[in-house]
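Just so it is clear, none of the values below were taken in a lab; they were calculated from the coordinates. No experiment lies behind these values; they were computed from the predicted model shown. In this analysis, Cβ positions are derived from the backbone assuming ideal geometry, glycine residues included, and neighbour counts consider all displayed protein chains.
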Amino acid sequence: MGAGFLVGVIGVLILSHATYSTIQYRALLKITEEEFSGPPIDVVIELIISLVLCLWAAMAAPGKFKSIHPQSEENRVIALPANLDFMIFNHRGKIFPLETELKLK
Amino acid sequence: MVTRREEEEVNRLENQVENGGGGVWEYLCLVHKLKLRRSDMVLKHGLSILNDKKKRSALGPEEWTLYEQVAVAAMDCQSNDAAKDCIKVLQRKFPGSKRVGRLEAMLLEARGLWSEAENAYSSLLEENPFDQVVHKRRVAMAKAQGNTSAAIDWLNKYLDLFMADHEAWRELAEIYVSLQMYKQAVFCYEELILSQPTVPLHHLAYADVLYTLGGLENLQTAKKYYASTIDSGGKSTRALFGICLCTSAIGQLTKGRNKEDKDSLELQSLSAMALEKDYKQRAPSKVSVLSSTLRSLKI
């Protein structure tokens with residue numbers, strides 16, 4: 001988790017730096033009285049990098065992925081459910097009753 | 001279906017619950033979801049929640065399903081008094097409910113009052129002839145009384161109506177196997193494989209029955225299904241042994257005119273190798289037994 005979290009922090013830092021540069025750029029435009037045609041190229045690059053880093057962090061930081069392959073070891077079917085609809089009560093457990101103090105109060 | 005991951009989760013929670021580490025409700029939910037039959041645990045810990053007013057009201061509407069779960073578990077553990085108390089609470093909450101009526105009939109069944117239970121089920125069926133659970137309870141009741149042929153009759157009638165119920169097909173197959181009626185069991189397992197083709201355990205059971213039936217054609221089909229068990233479900237020691245046994249039996253049947261293709265020879269040597277590898281990993285002391293067994297099968 002540590003590495004993923006660190007990457008996320010860097011991504012957010014780059015994103016905030018991009019925000020800061022955009023604000024500065026707009027202030028500069030106001031002073032020089034130019035038309036706004038689009039964000040400067042360094043802000044766009046920063047945005048793309050931070051997008052990738054934040055995506056990476058969102059995938060890696062919260063937890064591990066579980067396998068979806070049916071043939072993988074952890075998804076191996078090892079038992080069928082007990083057929084509870086056909087459960088019968090007079091089985092050999094009848095001879096060994098549980099503790100009798102189990103009662104609903 | 002219980003997968004490896006889910007089994008580990010259940011065992012972990014069970015340990016935790018047994019040692020008083022909390023997580024009782026999660027455990028009960030998981031048991032309910034996976035349809036496991038851990039009646040003693042459910043009874044003990046379910047009652048501990050139900051007897052604690054604070055914990056019980058924290059569940060909200062789930063409380064009533066817990067009462068139902070505990071009632072069935074209590075019947076399974078023969079503590080009919082606890083079951084009766086649970087059903088009484090449910091009755092007060094849901095008067096005239098059919099689901100509670102079913103529980104009452106089950107309680108009669110648990111006490112061994114067969115004719116009363118039968119009457120209760122028939123009156124429930126009169127109200128709603130398509131209640132699948134009641135139909136299944138009748139089958140189970142015939143089975144509990146040792147009347148297997150009646151159980152088969154009921155099940156066949158039920159399956160005429162509800163053909164898509166794979167649990168009923170599985171039950172019928174298991175009854176047929178217990179009566180050694182393998183040809184009928186084969187049919188049931190074919191239905192099961194058709195309805196749930198991705199469950200390797202059905203393939204395995206089908207192959208087992210075919211191998212038991214014997215005959216060249218059945219053995220060849222059995223071998224294919226053992227192979228498909230491994231193909232779809234990862235490792236299965238039983239299926240690996242099945243392939244070895246089938247190959248050896250086929251070899252004995254086709255003695256003299258040995259025209260086996262190369263693939264099947266490769267399959268048997270591969271499965272023998274996989275078995276040896278698995279044994280070396282998990283039970284190194286039994287490797288010698290395994291290799292002598294494989295030798296006696298002429299593999």
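Temperature 20 °C, viscosity 1.002 mPa s: under these conditions the Stokes-Einstein estimate for the protein assembly as shown, based on its Kirkwood radius over C-alpha pairs, is 81 µm² per second.
Whole angstrom only: what separates the Cα centroid of the range B:180-205 from the Cα centroid of the range B:115-135? Here the two parts' Cα centres lie 29 Å apart. Taking the three principal axes of the alpha carbon atoms in the range B:1-148, the coordinate ranges are 45, 35, 26 Å, sorted in descending order. In a fully extended conformation the segment linking B:Gln145 and B:Thr212 would gain 21.3 nm over its present Cα-Cα distance, using 0.36 nm per residue. Note on B:Lys298: lysines with a C-alpha under 22 Å away, same-chain residues under 8 apart excluded, are B:Lys223, B:Lys224, B:Lys255, B:Lys259, B:Lys262, B:Lys277, B:Lys280, B:Lys286. The residue list B:Thr293, A:Ile48, B:Val31 was ranked by how far each Cα lies along the charge dipole of the protein assembly as shown toward its positive end, using unit charges on Cβ atoms, and B:Thr293 comes out on top. If a spin label sat at a point 7 angstrom from the Cα of B:Gln196 along the line to its beta carbon, the backbone N atoms of the range B:24-41 nearer than 19 Å would be those of B:30-38. With each label modelled as a point 7 angstrom along the Cα→C-beta vector, the A:Arg26-B:Ser48 pair spans 6.0 nm. FRET efficiency for the B:Arg282 to A:Ile45 pair, using the beta carbon distance and R₀ = 56 Å, is estimated at 0.55. Legend: mean number of C-beta atoms from other chains within 10 angstrom of residue C-beta atoms, peptide B:72-78, equals 5. With 0.36 nm allotted per residue and the present C-alpha distance subtracted, the A:Trp56-A:Ile88 stretch has 6.2 nm of extension available. Taking 0.36 nm per residue of separation and subtracting the current Cα-Cα distance, fully stretching the chain between B:Lys55 and B:Glu116 would add 18.3 nm.
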